[in-house]
There are 2 protein chains.
Amino acid sequence: MNETDLTSVGDEVETGQLDEDDRLKPEFVRAVLDAVEAGDDEAARSLVEPLHPADIADLFELTPNERRGDLAKAITDLLDGDVFAEMNDYVREDLIDSLSATQVADIASELDTDDAVAIIEDMEEDDQRAVLRALDPDDRAAIEEALSYPEESAGRLMQRELIAVPEHWTVGDAIDYLRGHEELTTDFWEIFVVDPGHKPVGTCQLSWILRTPRTVSIGDVMKREQTLIPVDMDQEEVALRFQKYALISAAVIDAGGRLVGMITVDDIVHIISEEAGEDILRLSGAGEGDINEPIALTVRTRITWLVVNLGTAMLAASVVGLFQGEIAKFALLAVLMPIVSGMGGNAGTQTLAVVVRALATNQLTSSNTARMILREFRIAAANGAMLGILIGMGTWLIFGNSDLAIVIAMAMVMNNLVAGLSGVLIPVSLERAGVDPAVSSAVFVTMMTDVMGFFCFLGLASLWGLGG
Amino acid sequence: MNETDLTSVGDEVETGQLDEDDRLKPEFVRAVLDAVEAGDDEAARSLVEPLHPADIADLFELTPNERRGDLAKAITDLLDGDVFAEMNDYVREDLIDSLSATQVADIASELDTDDAVAIIEDMEEDDQRAVLRALDPDDRAAIEEALSYPEESAGRLMQRELIAVPEHWTVGDAIDYLRGHEELTTDFWEIFVVDPGHKPVGTCQLSWILRTPRTVSIGDVMKREQTLIPVDMDQEEVALRFQKYALISAAVIDAGGRLVGMITVDDIVHIISEEAGEDILRLSGAGEGDINEPIALTVRTRITWLVVNLGTAMLAASVVGLFQGEIAKFALLAVLMPIVSGMGGNAGTQTLAVVVRALATNQLTSSNTARMILREFRIAAANGAMLGILIGMGTWLIFGNSDLAIVIAMAMVMNNLVAGLSGVLIPVSLERAGVDPAVSSAVFVTMMTDVMGFFCFLGLASLWGLGG
């Protein structure tokens with residue numbers, strides 16, 4: 001055990017690298033970068049050495065792009081596979097680009113298949129080939145096989161290092177096997193029990209093995225009810241299964257039902273967080289929303305969404321255009337119309353957020369869609385009525401025009417109903433049509449609330465003879 | 001091993017209870033409810049029996065409120081603690097209300113402290129006391145202690161059932177201890193090594209124990225670098241630590257540094273997902289956004305937000321009010337003004353979503369705030385310029401009015417810069433002031449983009465003499 005192992009993570013806070021929220025302190029980041037700039041690699045290394053790999057990865061993310069290369073040079077010997085495995089994709093890609101194929105291969109060979117694949121999968125094809133050539137044949141074969149599965153599938157996530165034993169073994173046999181084979185992996189939480197065809201028949205938590213006498217058969221300790229992950233399953237689906245069944249690890253099987261790998265929960269946790277966070281970003285048209293993304297890519301993603309929205313905004317404007325005559329005679333209509341459309345937009349976004357989230361977590365299924373529509377209709381009616389009364393009374397008090405008050409109140413109720421219904425129906429329909437509701441719903445919902453908001457208010461005003 | 005244990009979860013799909021996305025099929029839900037309604041409890045039970053507890057919990061969530069009681073009566077013997085532990089809070093509360101204190105105590109006593117606490121913590125005080133009285137003294141003491149910690153803290157999340165051993169033991173001692181003590185917990189992934197004062201000195205994965213000869217000392221197998229969780233730490237912070245350091249379980253310590261409990265990753269996974277999903281709901285003012293929430297509570301949460309937004313919408317409208325004269329003379333201004341404010345709103349929401357997410361995941365800290373502001377400014381300038389050109393050209397082509405085209409293009413650029421800057425500055429300032437940026441940012445950002453959108457466009461138009 002060396003010196004750094006004596007530092008518990010709690011101590012990092014006390015010794016001043018981390019703030020109370022477990023983030024690297026700006027003073028600390030500055031101190032490291034100052035040392036690097038001053039060419040004092042020794043000082044930089046001694047500052048960084050006590051950090052956990054996850055914190056070293058964070059340090060790179062907090063360092064401005066143009067200074068990351070210098071930092072990497074200064075602390076090369078601290079940059080092991082674990083640090084790369086924890087790093088943001090874009091930051092890692094940048095750094096990896098600056099390393100030679102042999103260096104990347106050295107890093108990859110330290111890691112479990114899944115982490116090695118994560119590092120290699122985003123490289124340019126030529127670089128990828130060079131790294132693969134530099135790996136030893138076993139590692140290369142494992143990584144090449146993983147790369148043959150679709151991106152974001154279980155096959156990419158899984159590691160091939162796992163423990164599988166036959167059902168007829170005893171607990172003692174299993175323990176002796178684990179003690180006697182140096183080459184086996186040391187990090188696992190469950191062992192898989194397989195039949196002679198290498199198909200999983202059960203899973204055994206290590207705690208059960210440790211609590212059972214040596215003579216008992218593994219078949220009597222294991223749980224036969226298990227969640228098997230097909231190798232081509234999408235990672236979002238894998239994450240939902242881990243969550244639903246509170247899994248720590250799970251066996252991955254090929255099309256023939258044979259055990260080919262293992263996925264552990266620590267590889268899933270960041271996917272759960274990403275997938276849940278993605279919805280917020282997609283709903284707002286911010287794409288991946290990764291702050292480390294190259295700026296040109298961010299601009300491209302966002303402008304696409306904005307141009308689509310410009311189209312719907314022009315459509316809404318054309319509705320206003322139909323009533324230019326009324327507006328010219330009674331400009332107050334133009335003053336009040338954005339309130340009706342805006343409030344509809346707000347109400348629609350509320351419903352949309354709830355529905356998108358419920359769809360993503362499998363809480364909203366065809367069994368309760370009808371109930372959900374009714375529920376949102378009732379909420380929209382209640383809120384629409386309250387907002388209608390408020391804005392109606394406000395309009396009457398401020399402008400003393402009871403006709404205008406009645407018109408805006410009615411328009412507000414109508415547009416809230418439009419918002420509530422389209423907030424459910426649009427994402428549910430998109431989901432059924434196989435389109436990600438988080439990506440596309442907001443455009444349609446806003447279009448509905450804008451168009452209908454202007455149309456209801458100005459149309460009613462025109463019927464009522466306001467500005468006529 | 002009984003019959004049901006032979007069903008692997010994969011089989012549930014084949015036998016038709018689950019669809020390919022792992023959700024209960026509507027036909028299946030209907031079949032169960034039809035059996036319950038027909039009074040055929042036997043049939044309902046045999047349908048539900050093969051399900052995993054998580055799926056039984058889902059079944060209750062998918063059942064309309066008023067029929068959940070009947071379902072519970074029909075399948076009482078399948079309703080064990082695991083099912084309740086998996087259930088949505090609101091659905092569980094409803095069901096628990098319909099049970100007697102002794103029934104609840106029976107369920108709670110089956111569970112680890114953390115799950116028992118989750119069931120009991122939301123009960124009315126009287127009912128809570130009745131349940132605690134019905135528990136046996138040990139369970140009661142454990143639960144009462146957990147309830148003494150703040151809600152959503154590590155103390156509520158942790159279980160007290162854990163394995164702690166002294167450092168001087170050998171691997172063999174630990175295994176014999178685990179085999180020889182019936183009363184110990186069976187589900188654990190790591191054992192904690194403590195000093196004589198019961199303070200944690202290291203953590204030992206079970207796999208390391210299984211791979212090491214009996215004679216080796218635990219002190220040589222364990223890892224001294226460990227992440228300790230203070231008992232009063234907020235659950236969101238706990239979840240971030242689990243994520244950052246890829247933890248499977250962690251020791252919880254009291255103020256004196258003594259080991260008082262253990263948190264496992266399966267209890268954290270749903271918090272990670274909830275916390276990440278919460279942002280989307282908070283940003284849109286949908287509160288918790290739980291579709292099982294009582295409708296009156298949902299209406300109350302949403303209307304509060306809508307009324308606040310009504311205030312900002314009226315403020316924006318009053319800006320339009322300043323230019324009624326111009327609008328009356330040139331109604332086209334009213335047609336085009338929502339485009340400028342709406343596009344600003346869209347751009348602001350994009351930035352806001354990215355910033356809120358980066359703050360929540362600790363990716364945006366004071367070390368890189370300045371860089372982030374610059375980044376968003378550049379994006380806003382690029383997108384604003386593109387949108388300005390588009391709308392300017394569009395306006396010129398459609399209305400043949402080059403003055404109007406120049407005014408709207410300039411207003412568009414200005415409002416995009418407002419959107420980009422307020423999209424960063426508002427959430428960052430709120431976070432520094434200790435306010436949750438996800439809850440409050442959107443109101444301010446939309447207010448800025450609406451007010452400034454109208455003001456820039458109509459103000460420039462007025463200066464330019466359009467409608468003058």
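Since every read-out is calculated from the coordinates, none of them should be taken as a lab result. Just so you know, these numbers come straight off a predicted model, no measurement behind them. Don't worry about glycine lacking a Cβ; one is built from the backbone with ideal geometry, like all the others, and counts go over all protein chains shown.
Data for the structure
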item	result
A:His168 versus A:Gln324: modelled label distance in nm, points set 7 Å from Cα along the beta carbon direction	9.0 nm
Cβ-based exposure ranking for A:Leu240, B:Leu387, B:Leu374, in which fewest neighbours within 10 Å come first	B:Leu374, A:Leu240, B:Leu387
Helical mean residue ellipticity (222 nm; -39500 (n - 2.57) per DSSP H run of 4+; nearest 500) of chain A	-20500 deg cm²/dmol
Sites A:Leu78 and A:Asp138 - FRET efficiency at Förster radius 30 Å, r taken between beta-carbons, to 0.05	0.65
Net charge of neighbours whose Cβ lies under 9 Å from the Cβ of A:Ala146, counting Lys and Arg as +1 and Asp and Glu as -1	-2
Spin-label pair B:Glu66/B:Arg129, simplified geometry with 7 Å Cα→Cβ offset, distance in nm	3.5 nm
For region A:157-208 versus region A:237-260, the gap between their alpha-carbon centres in whole angstrom	16 Å
Among the listed pairs A:Lys199/B:Lys244; A:Lys25/A:Lys73; B:Lys223/B:Lys244; A:Lys223/B:Lys73; A:Lys244/B:Lys244; A:Lys73/B:Lys223, those beyond 27 Å (Cα-Cα)	A:Lys199/B:Lys244; A:Lys223/B:Lys73; A:Lys73/B:Lys223
DSSP-defined antiparallel bridges as percent of all bridges, the protein assembly as shown, nearest 5	75 percent
Linear extension gain, A:Asp195 paired with A:Ala385, 0.36 nm per residue minus alpha-carbon span	61.9 nm
For B:His52, A:His270, order by how many other beta-carbon atoms lie within 10 Å, fewest first	A:His270, B:His52
Cα-based helix-to-principal-axis angle, B:402-432 vs chain B, degrees rounded to 10	30 degrees
Stretch gain in nm, segment B:Tyr177-B:Phe399, where the contour uses 0.36 nm per residue and the Cα spacing is subtracted	71.3 nm
Efficiency of FRET between B:Lys25 and A:Leu315 - r from beta-carbon atoms, R0 25 angstrom, step 0.05	0.05
Fraction of beta bridges assigned by DSSP in chain B that are antiparallel (%, nearest 5)	75 percent
Calculated FRET value between B:Asp234 and B:Thr186, using beta carbons and R₀ = 35 Å, to 0.05	0.75
Shielding by partners, peptide A:340-349 (average Cβ within 10 angstrom, other chains)	6
Likely footprinting exposure, A:Met410, A:Met262, fewest C-beta neighbours within 10 Å first	A:Met410, A:Met262
Neighbouring partner chain Cβ atoms per residue of B:188-197, average, 10 Å criterion	2
Taking region B:164-265 and dividing mean pair separation by its residue count, relative contact order in percent (alpha carbons under 8 Å, at least six apart)	26 percent
